[in-house]
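Engineer: A single structure is presented below for examination.
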Amino acid sequence: MQLALIAREWWSAGVAVVWVEVRETQGSVPRERGTRMLVSAQQAAGTIGGGHLELKAIALAREMLSSGDASVRSLHLPLGPALGQCCGGAVTLHFERLQEQHLNAWPTEAPLFHLQLYGAGHVGRAIARVLATLNVQVDWVDEREDEFPLTLGGPVWPAHIRKCVGEGVEAEVRHAPAGAFYLVLTHQHDLDLRITETILRRGDFGFLGLIGSRTKKQKFIHRFEERGIAPALIDRLVCPIGLPGIAGKAPEVIAVAVVAQLLQRATGRVV
């Protein structure tokens, strides 16, 4: 769940909270400026980098809570000399009791990407479970309503994973924003073909991945060529999906490889 939503939930529940933010950085540090975490007497959400730095921040935040300290505090820490961490840089942390005005001014972080995920089978579910932990926007599409798991092994699916059910699922393609990512991994090859063709004809995709072998890709390419789709668009089709070099066909392994590929594309670090 995004930190802003957690902040609102805790505030609505009357939980006393200190929010901690990385305000300044020098040299090598575990998290960038603007990174936040929330600390209550019992819980912590988000991370400013873990290790001794985070333990010290949590301790100071809880000291403020237990003493009723409502002041704004700042703490500068050279990570090596003060904390024995190997990063070698320094951070300045900001500490403040959470108030309603902070919720209204809470910075919104743009999703890493908008994905249309076609297929709620074993691999689709495994991918969705990984995506549930990330700041992304997902339209999860399948014509079989009973294939969608009701929950994420406990809590309900987060709001950024939107399930779409119905026949003619390829019609969902038109609702995606320009530059969206697409993963096509349904239970039928002919449905994969229709969805993939619809995406190719739209043309403005940021990433288009199709589950399957190289043989499946060649068969699909032949069909697309017959139907007059531009070669430049066909060349952008990724099949098989997943970062190369990650062996294994278990859904969970495929999911990690595929989500890593999406993150690599989203950050522009494709090699």
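Engineer: Helix 122-131 versus the longest principal axis of the chain: what angle, 0 to 90°, nearest 10, using Cα atoms?
Structural biologist: Helix 122-131 and the main axis of the chain meet at about 30 degrees.
Engineer: With the full set of protein chains in place, find how many percent of the accessible area of the chain is carbon and sulfur; take the probe as 1.4 Å.
Structural biologist: With neighbouring chains kept in place, the figure for the chain is 52 percent.
Engineer: Can you give the longest run of the chain that contains no GluC sites (Glu not before Pro) sitting in a DSSP loop with at most 15 other Cβ atoms inside 10 Å?
Structural biologist: Details: sites that count: E32, E109, E167.
Between exposed loop sites, the widest span is 168-271.
Engineer: Positive end of the charge dipole of the stretch 147-271 (Lys, Arg +1 and Asp, Glu -1 on Cβ, about the Cα centre): tell me which of H175, G203, P158 has its Cα farthest that way.
Structural biologist: Selected residue: G203.
Engineer: Sort the stretch 7-128 into rounded, prolate or oblate with this rule: let a ≥ b ≥ c be the square roots of the eigenvalues of the Cα gyration tensor; rounded if a/c is under 1.5, and if a/c is not under 1.5, prolate when a/b is larger than b/c, oblate otherwise.
Structural biologist: oblate
Engineer: Could I ask something else about it? Could you list log10 I(q)/I(0) for the chain at q = 0.09 Å⁻¹, which the Debye formula gives when each Cα is one point scatterer?
Structural biologist: -0.55
Engineer: Averaging sequence separations of C-alpha pairs under 8 Å and six or more residues apart, then dividing by the length of the chain, give the relative contact order as a whole percent.
Structural biologist: Once divided by the residue count of the chain, the mean separation gives 14 percent.
Engineer: To the nearest 500 deg cm²/dmol, what mean residue ellipticity at 222 nm is calculated for the chain from DSSP H runs of n ≥ 4 alone, each contributing -39,500 (n - 2.57), summed and divided by the residues?
Structural biologist: Per the formula, -10500 deg cm²/dmol.
Engineer: How do K56, K219, K249 rank by accessible surface area computed with a 1.4 Å probe, from largest to smallest?
Structural biologist: K249, K219, K56
Engineer: Per residue, how much accessible area does the chain have with a 1.4 Å probe, in Å²?
Structural biologist: Working: 13880 Å² over 271 residues.
Each residue of the chain exposes 51 Å² on average to a 1.4 Å probe.
Engineer: Here's a follow-up. Let me know the charge dipole size of the chain about its Cα centre in debye, to the nearest 20, where only the beta-carbon of Lys, Arg (+1) and Asp, Glu (-1) is charged.
Structural biologist: Its charge dipole is roughly 600 debye.
Engineer: Need one number: nm distance between label points at R202 and A250, each 7 Å from Cα along Cα→Cβ, rounded to one decimal.
Structural biologist: Result for the modelled spin labels: 3.3 nm.
The values are calculated or read from the model by the stated rules, or taken from the named source; none is laboratory data. These numbers come from a predicted model, not from an experiment. Counting neighbours? That spans all protein chains shown, and the Cβs are built from the backbone with ideal geometry, glycine included. Just so you know, the surface numbers come from the protein's heavy atoms only, side chains and all, with ligands and any DNA or RNA stripped out. Shrake-Rupley method; radii C 1.70, N 1.55, O 1.52, S 1.80 Å.
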